[in-house]
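The values are calculated or read from the model by the stated rules, or taken from the named source; none is laboratory data. Since we're looking at a predicted model, the values are computed, not measured. In this analysis, Cβ positions are derived from the backbone assuming ideal geometry, glycine residues included, and neighbour counts consider all displayed protein chains.
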């Protein structure tokens with residue numbers, strides 16, 4: 001059997017590999033080695049390793065690599081520590097191929113460590129264009145990778161233009177779409193009732209019969225130091241829209257602490273009002289929120305990738321998702337409270353869009369597993385194809 005090592009380090013990226021894990025686990029020619037690292041292991045980000053274990057995936061290694069601080073220096077140091085720790089893990093397990101998902105700094109550690117050990121690297125979601133340091137990380141991983149699993153034809157073409165052999169590029173769609181399309185959506189009232197149970201604040205509950213905004217705002221690492229003011233602009237905007245708001249805590253990138261402090265300071269100054277914050281929500285719950293939101297606001301990739309499947313109106317704020325393929329449901333605005341408020345009101349008034357399957361139709365996990373089982377992995381020497 002071919003041994004496939006998958007490394008996951010973040011709640012959002014886990015949604016991109018969950019169906020791959022399932023497909024590899026079920027494939028008769030593949031053996032799964034699962035390594036969990038990064039924010040998954042930290043309480044302040046929801047200790048989401050519990051969700052992985054609840055999904056029934058045996059974890060072979062837990063790798064602690066996050067350096068405290070959430071700034072550019074600690075992000076760089078965490079990447080270096082990841083290379084050190086993951087090199088030991090790969091040497092121990094001797095996988096035939098290592099799967100590096102998306103564009104996280106932890107993923108760069110995965111690709112570098114595996115490549116130096118002459119282990120073939122399979123990269124999921126290469127070839128995309130965005131803002132932030134993610135853009136550079138993603139393309140760097142492409143140059144380390146031996147197999148490429150882009151989500152769209154445009155991304156696949158971009159990988160080939162970067163000099164990768166077309167025979168190694170497999171346009172499979174985004175594995176997150178596999179999970180989206182099989183998740184029971186229920187009703188808006190049901191998902192808000194679930195949130196009220198999670199919040200456990202009987203004196204302060206979401207109105208289960210009323211519409212809601214969903215806000216997810218992450219740091220923009222190439223604009224480090226702006227997170228505090230940026231999130232306050234968004235807070236001012238959504239508070240004036242007058243719709244109850246579900247707000248999810250940011251990811252573990254540099255500047256996330258400033259965003260959290262901005263939310264806390266603003267709520268101390270103005271009161272929490274109709275804003276309900278959550279540190280982490282399980283994947284299926286988050287999917288149902290995206291599906292039923294009156295509008296999604298912020299700069300999360302979920303507002304670009306996942307939202308199109310449900311036709312959910314989206315206000316995409318700032319530069320973090322610049323250039324990423326998106327459906328007609330997304331309205332782009334600058335990080336400005338007035339522009340965000342006007343756009344959110346317009347999107348709510350406009351209502352739902354027709355669903356668009358921009359990132360695949362739900363078979364990515366099986367396709368990736370089949371390629372991993374059959375691809376020629378005998379050559380690790382990289383060459384520019386032209």
Worksheet, complete the sentence: When the stretch 32-46 is checked residue by residue, the ones that are free of Cβ contacts under 8 Å to residues at least 60 places away in the same chain and over 13 Å from residue 99 (Cα atoms) are 40, 41, 43
Worksheet entry | Residues of the stretch 259-284 classified as in contact (Cβ under 8 Å) with a residue 60 or more places away in the chain, surrounded by fewer than 18 Cβ atoms within 10 Å (Cβ to Cβ) and under 26 Å from the mean Cα position of the chain (by Cα), total | 3
Fill in: Residues satisfying the stated conditions in the stretch 25-51, i.e. crowded, with 21+ Cβ neighbours inside 10 Å and assigned to a helix (DSSP H, G or I)
38, 39, 40
Worksheet item: Which ones in the stretch 167-189 are assigned to a loop (DSSP other than H, G, I, E, B) and under 15 Å from residue 23 (Cα atoms)?
Response: 172, 173, 174
Item to complete: Look through 320, 328, 265, 324 and report the one residue that is outside the structural domain of residue 52 (by TED's automatic domain parsing), touching a helix residue (DSSP H, G or I) at 6+ places or on another chain (Cβ under 9 Å) and over 27 Å from residue 151 (Cβ atoms).
Response: 265
Worksheet item: Can residue 22 be described as crowded, with 23+ Cβ neighbours inside 10 Å, closer than 20 Å to residue 305 by Cβ and in contact (Cβ under 8 Å) with a residue 12 or more places away in the chain?
Response: no
Discussion item. Looking at 237, 294 in this structure, which one is in contact with a strand residue (DSSP E or B) (Cβ under 9 Å, 6 or more places away or on another chain), surrounded by fewer than 24 Cβ atoms within 10 Å (Cβ to Cβ), under 21 Å from residue 330 (Cβ atoms) and touching a residue at least 12 places away in the same chain (Cβ under 8 Å)?
Written reply: 294
Fill in: Flag for residue 123 being in the same structural domain as residue 87 (by TED's automatic domain parsing), at pLDDT 95 or above and in a helix (DSSP H, G or I)
no
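A quick yes/no check of all residues on (1) out of contact with any strand residue (DSSP E or B) (no Cβ under 6 Å at 6 or more places or on another chain); (2) touching a residue at least 60 places away in the same chain (Cβ under 8 Å); (3) within 30 Å of residue 371 (Cα to Cα); (4) not in a loop (DSSP other than H, G, I, E, B):
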| residue | (1), (2), (3), (4) |
| --- | --- |
| 151 | yes, yes, yes, no |
| 154 | yes, yes, yes, yes |
| 158 | yes, no, yes, yes |
| 191 | yes, yes, no, yes |
| 215 | no, yes, no, yes |
Worksheet item: What about residue 277, is it in a strand (DSSP E or B), touching a helix residue (DSSP H, G or I) at 6+ places or on another chain (Cβ under 7 Å), closer than 24 Å to residue 330 by Cα and outside the structural domain of residue 8 (by TED's automatic domain parsing)?
Response: yes
